[in-house]
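I have placed the structure first, in the form of structure tokens, so that the comments after it can refer back to it.
Nothing in this text is a laboratory measurement; each read-out follows from the coordinates by a stated rule. Computed from a predicted model, the values in this text were never measured in an experiment. Positions of Cβ are generated from backbone atoms using ideal geometry, with glycine treated the same way; all protein chains shown enter the neighbour counts.
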Amino acid sequence: MSASLGLHRLQQVDRQIDQTRLQLDNIRQTLENDAELRESLKHLETAQANHHHAQHALKNSEAEVQAQKIKIEQAESNLYGGKVQSPKELQDLQKDIASQKKHIIVLEERELETMIKAESAENDLQSAKTQLELIQARLGSEHQKLIADQSALAIKLEQLSEEREATLAPIENAMIQTYETLRQHKKGVAVAEVSDNSCASCGATITNSLQQNARSQKQLAHCPSCGRILYAN
């Protein structure tokens with residue numbers, strides 16, 4: 001077996017480990033930090049605040065209309081109750097009642113506006129609640145699948161780690177150090193396969209003599225261009 005073959009197999013295992021860890025990280029981030037769920041919760045909080053303000057404004061408006069009605073009833077009671085006899089006072093009462101009736105029209109218009117706003121706020125709140133429930137229901141099933149995938153990937157990672165240890169065993173420490181150094185500096189690709197007399201990573205031409213060196217059992221051959229360890233069948 002060539003020296004580079006063991007490193008080539010090691011790289012294949014390491015790639016699987018990297019991919020598995022990346023998948024696990026993505027699942028963890030999704031489970032911990034779901035943007036859609038956060039946005040839905042934020043929308044619900046806003047809808048709840050708007051609904052509270054709208055209901056408060058409606059109660060105040062209703063109270064103002066009711067208070068104005070009582071004022072008018074009291075003024076009309078004084079006007080028609082017979083207690084006021086002075087023509088001047090009766091005239092003043094009539095003017096006051098007319099003014100108060102005009103004012104209640106304004107108050108009732110405001111009340112109608114606040115009722116419309118309160119109804120709209122109620123609809124928005126119910127819509128936000130429904131949307132959140134749908135997202136939670138969907139994410140519930142999605143998260144269950146993610147958790148299942150997470151467990152399966154954790155088992156796979158453990159198996160790959162054991163496979164890596166077995167792959168490392170027959171390789172010399174010095175070669176492993178060379179491999180690890182290149183792996184750090186070459187974006188995870190320390191070993192390049194020779195394909196069609198070329199380096200599969202950078203495309204440089206690999207001579208026949210260098211390919212023979214790449215098949216050596218005792219030493220490693222490196223691509224003259226990218227510096228990666230060469231593996232040739």
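Tabulated data for the structure shown
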quantity	calculated
Given charges at Cβ of Lys, Arg, Asp, Glu: segment 173-231 dipole, positive-most of CYS199, TYR179, SER225	TYR179
Length-normalised contact order of the chain in % [C-alpha pairs under 8 Å, at least 6 apart]	33
Pairwise FRET efficiency - HIS52 versus GLU89, Cβ, R0 = 45 Å, nearest 0.05	0.50
With Cα atoms, 0 to 90° folded angle of helix 35-80 axis to the chain main axis	0
Cα long-axis angle, helix 3-32 against the chain (0 to 90 degrees, to the nearest 10)	10
Cα-based shape type of segment 102-143, given that a ≥ b ≥ c are square roots of the gyration tensor eigenvalues and the cut on a/c is 1.5	prolate
Of LYS156/LYS218; LYS59/LYS102; LYS59/LYS83; LYS156/LYS187; LYS145/LYS187; LYS186/LYS218, pairs whose Cα-Cα distance is over 26 Å	LYS156/LYS218; LYS59/LYS83; LYS145/LYS187
Value of relative contact order over segment 39-167, rounded to a whole percent, pairs C-alpha under 8 Å and six or more apart	41
Acute angle (nearest 10 degrees) that the helix 173-185 long axis makes with the longest principal axis of the chain, alpha-carbon atoms	40
Selected from ASP92, ASP149, ASP25 as most flexible by GNM, with the chain as the system and alpha-carbon contacts under 10 Å	ASP92
Likely footprinting exposure, HIS43, HIS8, fewest C-beta neighbours within 10 Å first	HIS43, HIS8
Distance between segment 1-40 and segment 202-229 - C-alpha centres, whole angstrom	29
